[in-house]
Amino acid sequence: MRNCLPRFGRTATLYMASQTLASAGFVGIYSLLRILLLLRLGFGPEYIGWTNAAGAIAYSAMGIPSGLLGQRFGQRRVSLVGGVIIVVCYVATPLMLQAEGALSRAMPLVMQVLMVGGWALRSINLLPALLASATPETRDQITFANQGIGGIGMFVGTLLGGVLPGLFGSLLGVDLEQPLPYALAITTGALLGLTSLVPLWMVREPSQTMASEVTSEAAPDAVDGERVGRFPLLPVALVVVHVVLQHGGWGAATAFYGAYLDEALGVSTATIGGIASVGQLLGIGAAFAAPFLARRRGNGAMLTLTTAGLTGALMALTLLPHWVPAAMSQVSISAFMGIWLPTLQLFTMQLVAPEWRSLSYGVLSMAMGGAYALATLAGGYVVAGQGYRALFGYGIAFALAATALIAWTSRHRDAILARSP
């Protein structure tokens, strides 16, 4: 890693450092401890499900506005604003312990919406900014490296999140069944959030960036030549449909995976956590290995293969009701997603001119958040009425459709671009 980052240039390295620190706080500490805090505040699984859906809907709703704001005010500036919102939410977390009555029920929901909204502003604008700092030779490697490094931050944050409540509980003499240690542990994420803003602040504006770091942005769009400056509506729409279908399958596998292992298969909490950790590590490794695979196969083929892999993992989860194949399925899904997301980002960014990248990624983010929210809400009713395996079966159907669509789209990419107004 140390040998790769200097080749990426100062600007890209700063962006990736910021992403690593932010992922440790938000995806690691906050995502792990938020549900544990809500449980100790006396909320049940139904309320937690609604907060999850509210967060996904907030991310979806902020997709296009985040892209438009980045296009209007600059991607780096909007990313900074999103980071500040996240830090404020970290600091305000202990206030939930003091709320009473209706406010006590409203605050966790509002905090989740604000936190995820800030994350949307930050993450949706950081990727196009990162790609704008890359040369054509390093663009693919930077995208996959950003995914892998962010995964390392998430893994470290998850480990910290597991230790911090016990540390605060011991220091304060408070039982871990009380919410205070968890609230304080989440608040420490503010340190990571503030630290993640420093690399963003150090990034020079495009007009000040050295020519060695920024090359002509016409390069990635040279295939489309005369299409620079035009928004390719049809290909982006096809990718959005693929995302919705893919997230229908992935959401079915992830939103209820822990509950399936716990309730249907009787797996211990420690084992479930161990499986998740192994999956995270494999996802990181897959992201770093992906550039070599993409160079041989191409981004379109990689999207097809990873979505087909998701389908196969869901089949194992559905047809083999035992914790061992279920664990292998979850680990495989994490590895496939470690490749799928950065590949999707590259595939989409290469369809559009640079000035449309923030908006395009905002549209994709809206599709991801909306599809996951629907999978979460509808999945609960499917599980209640038909069981977990029926839900996973629906996920297989969605994943199969997503595989067929992206295979067709990548095969006919040039013809689709030619037909796009």
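The values are calculated or read from the model by the stated rules, or taken from the named source; none is laboratory data. Quantities reported herein were computed from a predicted structural model and do not represent experimental measurements. Cβ: placed from backbone, ideal geometry, glycine included. Neighbour counts: every protein chain shown.
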Where a residue in region 384-410 is farther than 14 Å from M315 by Cα and its partner, wherever it lies, is modelled with pLDDT under 85 and not in a helix (DSSP H, G or I), with Cβ under 8 Å and at least six apart: S410/G298
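Filtering region 12-29 down to residues that are among the hydroxyl-bearing types (S, T, Y) and closer than 16 Å to R122 by Cα, which residue is modelled with the highest pLDDT?
So the first thing to find is which residues in region 12-29 are among the hydroxyl-bearing types (S, T, Y), and the list is 13, 15, 18, 20, 23.
When the remaining residues are screened for being closer than 16 Å to R122 by Cα, the result is 15, 18, 20, 23.
Numbers: Y15: 86, S18: 90, T20: 87, S23: 86.
The selected residue is S18.
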Residue in region 363-381 that is polar (S, T, N, Q), modelled with pLDDT under 80 and either in the same structural domain as V113 (by TED's automatic domain parsing) or in a helix (DSSP H, G or I) (or both) present: yes
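With respect to S31, determine if the residue is assigned by TED's automatic domain parsing to the domain that holds G157, over 20 Å from T376 (Cβ atoms) and among the polar types (S, T, N, Q).
Values: assigned by TED's automatic domain parsing to the domain that holds G157: yes; over 20 Å from T376 (Cβ atoms): no; among the polar types (S, T, N, Q): yes.
No: the conditions fail for S31.
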Among (1) at pLDDT below 70; (2) part of a helix (DSSP H, G or I), the one test that G283 misses: (1)
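Quick check on region 66-79. Is at least one of its residues assigned to a helix (DSSP H, G or I), of a type in the set (S, T, N, Q) and within 17 Å of T11 (Cβ to Cβ)?
Taking region 66-79 first, the residues assigned to a helix (DSSP H, G or I) are 66-73, 75-79.
The next check asks that each one be of a type in the set (S, T, N, Q); those that pass are 66, 71, 75, 79.
Restricting the remaining residues to those that are within 17 Å of T11 (Cβ to Cβ) gives 75, 79.
There is at least one residue in region 66-79 that is assigned to a helix (DSSP H, G or I), of a type in the set (S, T, N, Q) and within 17 Å of T11 (Cβ to Cβ).
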Any hit, region 264-271, residues being at pLDDT 75 or above and not β-branched (V, I, T): yes
Given (1) surrounded by fewer than 18 Cβ atoms within 10 Å (Cβ to Cβ); (2) within 25 Å of P179 (Cβ to Cβ), index of the condition R72 fails: (2)
Residue match in region 212-227 (condition: modelled with pLDDT of 65 or more and either outside any helix (DSSP H, G or I) or outside the structural domain of L351 (by TED's automatic domain parsing) (or both)): no
Residue selected from region 287-323 under the condition at pLDDT below 70 and of a type in the set (G, A, S), by the criterion surrounded by the fewest Cβ atoms within 10 Å (Cβ to Cβ): A289
Matching residues in region 54-89 - criterion: being among the charged types (D, E, K, R) and closer than 27 Å to T188 by Cβ: R76, R77
Residues of region 85-99 satisfying the condition of being farther than 19 Å from G150 by Cα and in a helix (DSSP H, G or I): I85, V88, C89, Y90, V91, A92, T93, P94, L95, M96, L97
Selection within region 307-345 - closer than 20 Å to I152 by Cβ and under 16 Å from the mean Cα position of the chain (by Cα): I333, S334, A335, F336, M337, G338, I339, W340, L341, P342, T343, Q345
